[in-house]
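The structure appears right after this line, and notes come after that.
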Amino acid sequence: MSAPRYQASGRAFAQIVRFHPEISALRRDLHAHPELGFEEVYTSARVHESLKACGVDEIHTGIGKTGVVAVIRGRSTASGRMIGLRADMDALPMHEDNDFAWRSAKSGLMHGCGHDGHTAMLVGAARYLAETRNFDGTAVLIFQPGEEGFAGARVMIEDGLFERFPVDSVYAFHNWPAMAPGTVGLNPGPMMAAADRITIEVAGKGGHGAHAYLTVDPVVVSAHLITAIQTIVSRNVRPIDAAVISVCAMQAGDLNAMAVVPGRATLVGTVRTFSAKVQAEVERRLVELCSAVASGFGATATVRFERIYPATINTPAEALFAGDVAQALVGARNIERNMEPSMGAEDFSFMLQKKPGAYLRLGQGGKDGAFLHNSRYDFNDDILPLGAALHAGLIEQGMPLADRASERPMENAKAQAPRLHASSAAH
Ligand SMILES: [Zn+2]
Ligand SMILES: [Zn+2]
């Protein structure tokens, strides 16, 4: 394996690079065996077996169905501190168009989001941390199922994750094809939006398309609803707040029936917001507006608003600390500390609702412009040692041994953290 084509420094990185080929082999094996949320049986078994070979202190399986948690104690645990690191393990229900040797061996399933790489990076960190143990506290490595729409993080939490492993803080990364390998991005507030699903049922009165005056046409009502809904963002949400409402699917009538006015129509879409206040306002206005517009036409419209994933919001002190750890690894030039949030969503948000922590993006570059969820996407194995070293740095620098008390970035970070109020952090 050729040396990574980016700059990174530090003892952990130098040591992890030595077993880069093994981490890459694991990553490619996981890529070839993609599994959907809560079906990560092969993946969990591979993780389990790798963790055992690493010599971690404890391995717990079956948390959140297919989730795995490894515990590694430092040379000392006198600090009583505990830090969590999380990697997601699941793949997507999509066809892979790559033709390399490690392409998906399962038709209709693909690691199109790089969770194979996330899993391998955390296994790499486990190996280094179990070998070196240069920290004072306990590292908790969380291998999570079902990130892609299954809320695996929430299921692990409901299964007692944080009661069994009461971490002080928790960190996770996502590879990012739009950023170059060797770069890291984060910010001290919202990183990803809340993702909600809306379903609008419009009920009218069906009849003959030639005698439409005798009907209450739900198609016409839906057309008005689709345009009226857009005024919620432009006329109800403050311009300095962010919100998106997209109606992405509509079903009414039958394509073979040109002259049958249907009795019902269904609209499905998504709402994206960063603050709970804006989210609640959008929901309230959707219900009011749909009901009033429909009633103006003699129809009814009911809105089902389902909260799928909350917003992923970093806590300022932990984001500053994680930024410092990343900076020590890749240098100040290669880190963006005020990264723009994405309107995408991520279920690590459930962990950040319970614990302080940070979610980071790791640049990985995009092969032929193949971004996440593209059928030609692949995780860039070059960044495996970087991600593993970043995980290791969070543990070593977050829980330093007493003889390294002078290098305590976490305490420094706490002292320097900007005092953001929840409201200002949530924009
Ligand atoms: Zn994804
Ligand atoms: Zn993902």
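Structural remarks
- Entry for the range 121-273 at q = 0.08, 0.11, 0.12, 0.19 Å⁻¹: log10 I(q)/I(0) = -0.48, -0.73, -0.80, -1.24, Debye formula applied to identical alpha-carbon scatterers, no solvent contribution.
- Among beta bridges identified by DSSP and lying wholly in the chain, the antiparallel ones come to about 70 percent.
- Its Cα gyration tensor gives the range 215-340 an equivalent ellipsoid, and the semi-axes of that ellipsoid, as √(5λ) in whole Å with the largest first, are 43, 16, 11.
- Positive-pole candidate from GLY189, PHE173, MET89, dipole of the chain, charges at beta carbon: GLY189
- Residue-wise HN-Hα coupling along the range 371-378, computed from phi with Karplus coefficients 6.51, -1.76, 1.60 (Hz; x: Gly, Pro): 8, 3, 6, 8, 5, 10, 5, 8
- Furthest towards positive pole of dipole, GLN144, ILE200, LEU161, structure part the range 136-211, Cβ charges: ILE200
- Note on the chain: Rg/Rh from Cα positions, Kirkwood definition for Rh, rounded to two decimals, is 1.05.
- Prolate/oblate/rounded label for the range 314-379 (Cα gyration tensor, a/c 1.5): oblate
- Rounded to whole numbers, the Karplus 3J(HN,Hα) couplings from phi for the range 32-45 are 6, 10, x, 9, 6, x, 6, 10, 7, 6, 5, 4, 4, 5 Hz, using 6.51 cos²θ - 1.76 cosθ + 1.60 with θ = phi - 60°, and x at Gly and Pro.
- ILE142, ILE232 arranged by Cβ crowding within 10 Å, fewest neighbours leading: ILE232, ILE142
- Size of electric dipole in the range 194-309: Cβ of Lys, Arg +1 and of Asp, Glu -1, about Cα centre, debye, nearest 20: 240
- Which of THR227, THR66 has the fewest Cβ neighbours within 10 Å, and the rest in rising order: THR227, THR66
- Dipole of the range 194-309, positive end: most advanced residue of VAL219, CYS290, GLN251 [Cβ charges, Cα centre]: CYS290
- Listed by Cβ neighbour count within 10 Å, with the fewest neighbours leading, HIS111, HIS208 appear as HIS208, HIS111.
- Relative to the dominant Cα principal axis of the chain, helix 276-296 is inclined by about 10°.
- Value of [θ]222 nm, deg cm²/dmol, for the chain, DSSP H segments ≥ 4, -39500 (n - 2.57) each, nearest 500: -11000 deg cm²/dmol
- Expressed as a fraction of 2.2 N^0.38 Å, the C-alpha radius of gyration for the range 22-147 is 1.09.
Computed from the coordinates by the stated procedures, all read-outs in this text should not be read as laboratory data. The structure displayed is predicted, hence computed values, not measured ones. Positions of Cβ are generated from backbone atoms using ideal geometry, with glycine treated the same way; all protein chains shown enter the neighbour counts.
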